[in-house]
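Undergrad: This is the structure, below, for whatever I ask next.
The values are calculated or read from the model by the stated rules, or taken from the named source; none is laboratory data. Quick caveat: nothing in here was measured; it's all calculated off a predicted structure. Backbone-built Cβ (ideal geometry, glycine too); neighbour counts: all protein chains shown. Heavy atoms of the whole protein, side chains included, go into the accessibility calculation; ligands, DNA and RNA do not. Shrake-Rupley method; radii C 1.70, N 1.55, O 1.52, S 1.80 Å.
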Amino acid sequence: MTRLDRGPDDLGWQSVAVGAVDEGIVLFDHEGQVRQANDAARRMLGVAMTGGDLASPPMRVLDEQGDPIAPHDFISTTTLRTGQPQQRIVQLYAGPGHMVWLMARSWPTEFEGAAAVVTTFTDVTVRKQAEDALRASEGRLQSILDAVPASVFVKDTDGRYTFVNRAFEAEAGRPAEQILGRTAGELAPEVSAGAREQDERLFRTGETVSDVLRNGDRVYLTTKVPLRTHEGEAYALAGVSTDITAQVRSAETQAVAAAVVESTTDAIVTFDKSLVVTGMNSAASAAEPVGSVGAVGRKLLDGLPSYPDLVDLQARLDLVIGGSYIEWEVTYARGVLDGRTVSVRAFPIRSDEGQVIGGAVMARDVSASRAAAERERDLQRQVDHLQRLESLGQLAGGVAHDFNNLLAAINLTAEMLARLLPPDGQERRYADQILAITSRGVALTRQMLVFARREPRSYSVVDLNDVVRRADLLLERTLGAQVSRGLTLSAGTQPVEADPAQLEQVVINLALNARDAMPTGGSLAISTGRVTLAVGDLQRFGGVTAPGEFAVLAVSDDGPGMDADMLARAMEPFFTTKPPGQGTGLGLSLVYGVASQVGGGVVIYSEPGAGTTVRVYLPVSSAEPPVADTRRPAPAVGAGELVLLVEDSTDLRVLLQELLVDSGYRVLACASAEEAIDVAGSVSPAMLLTDVVMPGLTGPQLAARLRAETPQLPVLLMSGYSGDHPLHDAEHAADLLLEKPFTADDILHAIRRVLDASSAR
């Protein structure tokens, strides 16, 4: 065999000239003339070659694509011109019927002291014909594999693709020229190293493997097999990958459906058109005495001996077999489901052609859910009730505020009138009667404000047990002999933060309500205790706003009780079950207001004929009850101090001005905060006495404006309620608040305390 890289000295010209080799060998001089040619060259080329050139014979030289090669492009000419070896395959037509494929190679050499070229010709006709046949075969194979819907590929030992069909191109989303020569990892970086390791194992072991692979949301069944040489050495890996996503999803859907059916607590039974059981889930098997093995193959009705009406069930199942979907409920009266309600749904099962081939029954025990729904409705009724009470509280608070201004004016007028009248005269008795009636009005408005959670707050930490003991002393004289009273107090203290007087009134109101519910006598029980409420308990405990520890006051009677309608309205203001003239309807309203304004709640338990129990929940305080304050009130007379009085109610403003002037004070009276600001700059008041709620600026806002000029200005606030103004923030915590309506002594002592406290500072 001739090698392209051997030199001219290796050619052995003396031997080749006599045809010692199969290769055609030709020596060209520097002008391209043939100087030597062996027999093989003459046979291959089909011409005598002595002193001529390749252009002179009647032949055509074509390249591999069939295009003619010009003489100046012969490889011998090219080697002479470039001095470099050349190689190419050519087609040679040397006459009719004489076409050969030649591998032509040229080397530079010397001849007779000048440049020359040696060109060899090797007949490769048989090889080219084999290659053409192979290409034709590969083309047919490519056409066949392109028609296969599965992805077909071949990889070399480096994992690079050497062949892919059209299905593979479509799956990869790119043409073959962008795939061939690249690895799977280069085409899809998300492909794991495990695939490469599997390929290497197949080359090493020669095994064939089929595997299910996932690429994103697609699933493929891939089969790989090594391709071997005749010697048994693996040189490539062929594979077929089929997209089985639809089949897998179908199987997964069926598996999920089966898992859902099996995991549900609903009993599910399937049956054929003859009502013979064909399957059931675990829930149905658990309810079936003989289990699923014994139930499958039996008549469905035979497995339901405790069903209330089998004739009705047969009729319903006949409708299902007829193609109907039906739902119903049944309550069992015997068997393990005695007293329980079951919701049943039944529907037909159809073939792919739409024909009814059987049916299914789904049964669910809804007893617990019905009970839960009823509890939810109860909670919603409680929420609606609390919202209604809140709305009523807003109305009551607004009415009470305006009424308090009237009562304050009436009360002060009657007091000042009484001072001017002889103590034993009829006019004085009338004035005293006005004061007594006013005090009753004050009590009513105070209860309305407590219900509305707008009562001015004077809270302190008290022991609920002590409050109950003090109230019990009063009850002993008021309940009457026909009511037996029991008192059960918890051990230790029950510290709560509340208004002591209001809390004592709560105990008394509940006890008197219980007494009135037992006009012919009965038993009354008062007790205290402590409970811990979690977040989930709040809605069930009458308006409790936050979890924690609560002191509980319970008052029970064995009276006639209340029906649902009465119970729903029991805490509404002015609602009463007593005869006209025997009750205001504010007793339970006050109880609700006292509890709710400290974050507590009220729950009433009552049924007709079973008595009534009212439980009041109050947040437990972390502090201990303080020692009672025994200080005596300061003298209630003035020493000429200037009081800046601001009150938008004309009647009350005039009365207050007269009262303060008579008591030794100088008074500058204003009808609004804006008027007070205008006059305050020209005087230096000793204190500010102002209403809280007024048109324009409120009392606290007025105090803040005046204190910007006089930081130490003493302030006394007056209000019928405190729910809509910031009396208890850090800025106004030291200001004294006087509740409306008040007596003359109340306001005179309050003014004196404010002035004396300012002098001490």
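Undergrad: Stretched out fully, how many nm does the piece from residue 137 to residue 309 gain, at 0.36 nm a residue minus the Cα gap? Don't jump to the answer; show the numbers that get you there.
TA: Values: separation 172, 0.36 × 172 = 61.92 nm, distance 7.78 nm.
Additional length available on full extension: 54.1 nm.
Undergrad: Provide the gained length on full extension for the span residue 352 to residue 274, in nm with one decimal, where the gain is 0.36 nm per separating residue minus the Cα-Cα distance.
TA: 26.1 nm
Undergrad: Could you name the lysines whose alpha carbon sits less than 29 Å from that of residue 155, not counting residues in the same chain fewer than 8 places away?
TA: 128, 224
Undergrad: Beyond 21 Å, how much of the Cα-Cα pair distribution for region 612-711 remains, as a whole percent?
TA: 51
Undergrad: Stretch residue 756-residue 22 to full length: gain in nm at 0.36 nm per residue minus the Cα-Cα span? Could you put the intermediate results ahead of the total?
TA: Values: separation 734, 0.36 × 734 = 264.24 nm, distance 13.94 nm.
Answer, rounded to one decimal: 250.3 nm.
Undergrad: Once each part is reduced to its C-alpha centroid, what is the distance from region 203-239 to region 739-759 in angstrom?
TA: Taking the Cα centre of region 739-759 as reference, the centre of region 203-239 is 101 Å away.
Undergrad: Residues with beta-carbon under 11 Å from that of residue 621, excluding residue 621: net charge, scoring Lys, Arg +1 and Asp, Glu -1?
TA: -4
Undergrad: Among residues other than residue 351 whose Cβ falls under 15 Å from its Cβ, what is the net charge (Lys/Arg +1, Asp/Glu -1)? Intermediate values should be presented prior to the final figure.
TA: Values: positive: 273, 350; negative: 272, 352, 353.
Here the charged neighbours net out to -1.
Undergrad: Name the residues whose placed amide hydrogens come within less than 5 Å of the amide hydrogen of residue 350, ignoring near sequence neighbours (fewer than 5 apart) on the same chain.
TA: It is 357, by chain and number.
Undergrad: Under a point spin-label approximation (7 Å from Cα along Cα-to-Cβ), what is the residue 221-residue 531 distance to one decimal in nm?
TA: Result for the modelled spin labels: 6.5 nm.
Undergrad: Oh, and also: Mind giving me the FRET efficiency for residue 72 and residue 248? R0 is 60 Å, r the Cβ-Cβ distance, nearest 0.05 is fine.
TA: The formula returns an efficiency of 0.35 here.
Undergrad: Sticking with this structure for a sec: With a 1.4 Å probe and all protein chains left in place, how much accessible area per residue does region 147-204 have, in Å²? Write out the running numbers ahead of the final one.
TA: Details: 3210 Å² over 58 residues.
With all protein chains present, region 147-204 gives 55 Å² per residue.
Undergrad: What spacing in nm lies between the two simple spin-label points modelled at residue 327 and residue 204, each 7 Å away from Cα in the Cβ direction?
TA: The modelled label-to-label distance comes out at 6.2 nm.
Undergrad: Give the residues of region 140-180 whose amide nitrogen is closer than 16 Å to a point set 7 Å from the Cα of residue 235 in the direction of its Cβ.
TA: Once the point is set 7 Å along Cα→Cβ of residue 235, 154-160, 162-163 turn out to lie under 16 Å by backbone N, inside region 140-180.
Undergrad: Related question: If Lys and Arg each add +1 and Asp and Glu each add -1, what is the summed charge of the other residues whose beta carbon sits under 12 Å from the beta carbon of residue 608?
TA: Here the count lands on -3.
Undergrad: Place the peptides 598-606, 678-686 in order of packing, highest mean first, counting for every residue the other Cβ atoms within 10 Å and averaging per peptide.
TA: 598-606, 678-686
Undergrad: Oh, and also: So how do 352, 466 rank on accessible area, 1.4 Å probe, biggest first, that is with the largest at the start?
TA: From most exposed to least exposed: 352, 466.
Undergrad: Given a Förster distance of 25 Å, report the FRET efficiency between residue 666 and residue 745 from their Cβ-Cβ distance, rounded to the nearest 0.05.
TA: On the way: r = 20 Å, r/R0 = 0.82.
Calculated value: 0.75.
Undergrad: Under 19 Å from the Cα of residue 299, which lysines turn up, not counting those fewer than eight places away in the same chain?
TA: Once the sequence-local lysines are set aside, what remains near residue 299 is 273.
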